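**Student:** Handing you this structure, nothing more for now.
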Amino acid sequence: MSSRIRSWTGAPSAPRYRPPPGAVDAHCHVFGPMAQFPFSPKAKYLPEDAGPDMLFALRDHLGFARNVIVQASCHGTDNGATLHAIAQSQGRARGVAVVDPAISAAELHALDAAGIRGVRFNFLKRLVDDAPKDKFLELSRRLPAGWHVVIYFEADILAELRPFMDAIPVPLVIDHMGRPDVRQGPDGPDLRAFRALLNSRPDVWFKATCPDRLDAIKDGGRGAPWDDFAAAVAPLVADYPGRCLWGTDWPHPNMETEIPDDGLLVDMIPRIAPTPALQQALLVDNPMRLYWPEEAITPPG
Ligand code: 0GY
């Protein structure tokens, strides 16, 4: 593999929007440090180190209180870097792991004790070699109590994945809304199919994340201010206010160009969640229900 990728901006701007107290960045990652936590031999990209100190400095800079750290594909099924970051957070981070589907019950319970609250099934062919639906389903039936499944896929395989997702017996959290083509608008085919999934059961959640990934390539230039994303996603947040999450996606895995300014990402929040009530749900109440239910004000429902 070629040289290591630096996918984040070193000095993000200070956001003008201030999140409510207790806000959770519910989708972010850590990379390494490689000397301590080597990347997987199967990694499809090789990032520069982006460890917990950097993540927590960004959290404070952006005005957030907590993080949900999602195991990135470059670390494979060794969750060491994610667990290390959670352990450094003084209770202000929890995580989502990527595991071998043959993982034992004892290992799952050790992850639970270390702050993991879900597993991620990644279906992006550019990131993983295989995604065995039958094994994932079997695993989803024996997760520790209170866990959920995070699924990452692109809109063109949503229909194909529906029987698999429908059979998963725990809550589903969909990364980046299943990557719809936001240029289609809020009523386009991709978001209509996604709404059908949301309407099929009450425990499907989504991350209203990644304007930079979904709306970046436009007119040959930078995507910000990400107008298509705002137009497509705001109605989804309004219609499903109890099931949306938000995150930075820092350190923006695998992005070599069009790297977003995290301050501008935070400034997108009022454009997809325009009222204080929606912002409180998106940034505090919803992630607390999923990741810190023992502290959540809103009871799980
Ligand atoms: C994301 C998106 C990506 C990568 C990963 O695990 C990962 O490597 O999640 C991507 O390349 O689209 O959500 O971080």
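The values are calculated or read from the model by the stated rules, or taken from the named source; none is laboratory data. Bear in mind the structure is a predicted one, so any value in this text is a computation, not a measurement. FYI the Cβ positions are ideal-geometry reconstructions off the backbone, even for glycines, and counts take in every protein chain you see. Just so you know, the surface numbers come from the protein's heavy atoms only, side chains and all, with ligands and any DNA or RNA stripped out. Shrake-Rupley method; radii C 1.70, N 1.55, O 1.52, S 1.80 Å.
**Student:** Are there trypsin sites (Lys or Arg not before Pro) in region 1-104 that DSSP puts in a loop and that have at most 13 other Cβ atoms within 10 Å, and which ones? List each step's numbers first, then the result.
**Tutor:** Numbers: sites: Arg4, Arg6, Arg16, Lys42, Lys44, Arg59, Arg66, Arg92, Arg94; in loops: Arg4, Arg6, Arg16, Lys42, Lys44, Arg92.
Qualifying residues, ordered by number: Arg16, Lys42.
**Student:** Where the only charges are on Cβ atoms (+1 Lys, Arg; -1 Asp, Glu), what is the dipole of the chain about its Cα centre, to the nearest 20 debye? Working shown, then result.
**Tutor:** Values: 31 positive and 37 negative charges, 63 e Å.
Roughly 300 debye, rounded to the nearest 20.
**Student:** Could you pull out every residue, at least 5 positions away or on a different chain, whose amide H is within less than 5 Å of the one on Gly118? Hs are placed 1.01 Å off N in the peptide plane, and Pro or chain starts have none.
**Tutor:** Ala97, His148
**Student:** Report the gain in length on full extension from Val128 to Asp187: 0.36 nm times residue separation, minus Cα-Cα distance, nm rounded to one decimal. Display every interim value, and only then the final one.
**Tutor:** Details: separation 59, 0.36 × 59 = 21.24 nm, distance 3.07 nm.
Difference between extended and current length: 18.2 nm.
**Student:** What percent of all Cα-Cα pairs in region 78-194 falls into each 5 Å bin, going from 0 up to the bin containing the maximum distance?
**Tutor:** Computed distribution, short to long bins: 2, 11, 20, 20, 18, 13, 9, 5, 1, 0.
**Student:** 5 Å is the cut-off here: which amide hydrogens, built 1.01 Å from N in the peptide plane, fall below it relative to Val173, excluding neighbours closer than 5 in sequence?
**Tutor:** Counting only residues 5 or more places away or on other chains, the set is Val149, Val150, Ile151, Trp205.
**Student:** With a 1.4 Å probe and all protein chains left in place, how much accessible area per residue does region 148-233 have, in Å²?
**Tutor:** Numbers: 3200 Å² over 86 residues.
Accessible area per residue, region 148-233: 37 Å².
**Student:** Just the number, please: carbon plus sulfur as a percent of the accessible area of the chain, 1.4 Å probe, no ligands or DNA/RNA counted. Spell out each step's value before the answer.
**Tutor:** Details: 6600 of 12160 Å².
With neighbouring chains kept in place, the figure for the chain is 54 percent.
**Student:** If you take every residue apart from Ser13 with its C-beta less than 10 Å away from the C-beta of Ser13, what net charge results, scoring Lys and Arg +1 and Asp and Glu -1? Don't skip to the answer; put the middle values down first.
**Tutor:** Details: positive: Arg16; negative: Asp261, Asp262, Asp267.
Residues near Ser13 contribute -2 overall.
**Student:** Normalised by the number of residues in region 90-140, what is the relative contact order in percent for Cα pairs under 8 Å and 6+ residues apart? Walk me through the intermediate numbers first.
**Tutor:** On the way: 34 pairs, mean separation 21.9, N = 51.
In percent, rounded to a whole number, it is 43.
**Student:** How large is ³J(HN,Hα) for each residue in region 11-21, as worked out from phi by the Karplus curve 6.51 cos²θ - 1.76 cosθ + 1.60 (θ = phi - 60°), to whole Hz, x for Gly and Pro?
**Tutor:** Calculated HN-Hα couplings, in order: 9, x, 5, 7, x, 6, 7, 9, x, x, x Hz.
**Student:** Compute the distance from the alpha-carbon center of region 130-167 to that of region 46-115, in whole Å.
**Tutor:** 20 Å
**Student:** Using only alpha carbon pairs under 8 Å that are at least six residues apart, calculate the relative contact order of the chain and give it in whole percent. Spell out each step's value before the answer.
**Tutor:** Values: 561 pairs, mean separation 66.0, N = 301.
In percent, rounded to a whole number, it is 22.
**Student:** Quick one: Debye curve from the C-alpha atoms of region 169-301, no solvent, what's log10 I(q)/I(0) at q = 0.09, 0.14, 0.20, 0.23 Å⁻¹?
**Tutor:** -0.25, -0.62, -1.22, -1.50
**Student:** Kindly identify region 81-143 as rounded, prolate or oblate by the Cα gyration tensor criterion: order the square roots of the eigenvalues as a ≥ b ≥ c, call it rounded if a/c is under 1.5, otherwise compare a/b with b/c, prolate if a/b is larger, else oblate. Each step should come with its number before you reach the end.
**Tutor:** On the way: a/c = 2.77, a/b = 1.50, b/c = 1.85.
Because a/c hits 1.5 or more and a/b fails to exceed b/c, region 81-143 counts as oblate.
**Student:** Here's something else I'd like to know. Could you rank Asp215, Asp227 by how accessible they are, 1.4 Å probe, largest area first?
**Tutor:** Greatest to least solvent exposure: Asp227, Asp215.
**Student:** Using only the alpha-carbon atoms of the chain, report the extent along each of the three principal axes, biggest first, to the nearest angstrom.
**Tutor:** 45, 42, 39
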